[in-house]
Amino acid sequence: MPEYIIASPTKSNEICSLTMVRRVAAMLDLENSSFSEGDILPTGWHFFMLAGETRKSELRKDGFPGLGVPIPELGLSRLLLGGRTVVYHEGIVIGEVVEKTSFVKSITEKTTKNGQMAIVTIQHELCRVLEETPAIIETQTYILLEEQKVQSKPVLETSENQQPMADCQKQLIPDETLIFQYSALGFNSHKIHLDRNYAQNVEGLPDLVVNGGLTTLLLTEFIRTDLGLTLTDIKVKHTAPLYCNRPMTLTAEEGETGWKLNVYDNNNVLAVEMETTIK
């Protein structure tokens, strides 16, 4: 297995901007004037501070702006989000400056029956000024795959899967506007979220893909607004894609130490699993 020289951590100062917070609120169809400088940022809303600054000429062929830090060229053209963990040690105040540190935690290459793949893990830390311990630590796991040949446009069939049952549940339909606004706020130009022609005719997907981070945000909002709970950490695993304009069902079941949340697609196929710890 080749050994890679992994770049040193990158550091930058990020502003928890009131403007950005109010735009997130507007995207979620919340009253944005209720947010002011000095308030604590709602749990899960920090995603816009993790955005990269990749120049257009340096984007991957699929439009993805990178993983937040430089990684070696692996020769794998397709990229998927496998999951993430987030630990919320402390709240971030709207209007304050935080230091972001990002680095490649690991790169693992594998050979599978479908070809070469790599698993790249990136860690981001958001630290308040004069604090030694990060307020938020987020670890993202990406799966990189070889280019695939698209033979025909796939069609989503309606299945006979049993409808999900849970203590609490709600249904949402992510549309093009929601996917675009989330992508814009996070500076994510990955074409599977924005270019239907690319998604269908290059990646072989039925439609635009719902951002994994957007699904996570909708789950943390489900916890915050519907369940009225405060998170201390989450662990998210993506098991199947979710597509634009197709209903998805969010479910929540209370356990001994936290809540287990799932997201099912329009065919009642499990797409996302989240484990949480609650204050």
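The values are calculated or read from the model by the stated rules, or taken from the named source; none is laboratory data. Since this is a predicted model, take the numbers as computed values, not measurements. Cβ: placed from backbone, ideal geometry, glycine included. Neighbour counts: every protein chain shown. Heavy atoms of the whole protein, side chains included, go into the accessibility calculation; ligands, DNA and RNA do not. Shrake-Rupley method; radii C 1.70, N 1.55, O 1.52, S 1.80 Å.
Observations on the model:
- Each distinct pair of alpha carbons in the stretch 20-157 adds a 1/r term; the inverse of their mean, the Kirkwood radius, is 17.5 Å.
- Helical content of the chain, expressed as a calculated mean residue ellipticity at 222 nm, amounts to -4000 deg cm²/dmol (DSSP H runs of 4 or more residues, -39,500 (n - 2.57) each, divided by residue number, nearest 500).
- In a reduced charge model with +1 at each Lys and Arg Cβ and -1 at each Asp and Glu Cβ, the chain shows a dipole moment near 760 debye about its Cα centre.
- Ratio Rg/Rh [Cα only; Rh per Kirkwood] for the stretch 1-101: 1.03
- All Cα pairs of the chain, percent lying beyond 33 Å: 21 percent
- The stretch 67-147: C-alpha pair distances exceeding 20 Å, %: 42 percent
- Solvent-accessible surface of the stretch 1-119, taken per residue with a 1.4 Å probe and all protein chains present: 56 Å².
- Shape descriptor for the stretch 188-279: Rg over Rh equals 1.03 (Cα atoms; Rh from the Kirkwood inverse mean 1/r).
- Farthest toward positive dipole pole in the stretch 1-78 [+1 Lys/Arg, -1 Asp/Glu at C-beta], among Met20, Thr54, Ser77: Ser77
- The alpha carbons of the stretch 77-204 stretch over 56, 39, 29 Å along the principal axes, in descending order.
- Modelled spin-label separation between Glu273 and Glu96, with each label point placed 7 Å from Cα along the Cα-to-Cβ direction: 3.5 nm.
- Counting only protein heavy atoms and using a 1.4 Å probe, the accessible area of His89 comes to about 110 Å².
- Accessible area of the stretch 176-262 belonging to carbon and sulfur atoms, whole % at 1.4 Å probe: 50 percent
- Measuring nothing but how far apart in sequence close Cα pairs (under 8 Å, 6+ apart) lie, relative to its length, the stretch 31-162 scores a relative contact order of 25 percent.
- Structural descriptor for the chain: relative contact order 19 percent, calculated from alpha carbon pairs under 8 angstrom and at least 6 residues apart.
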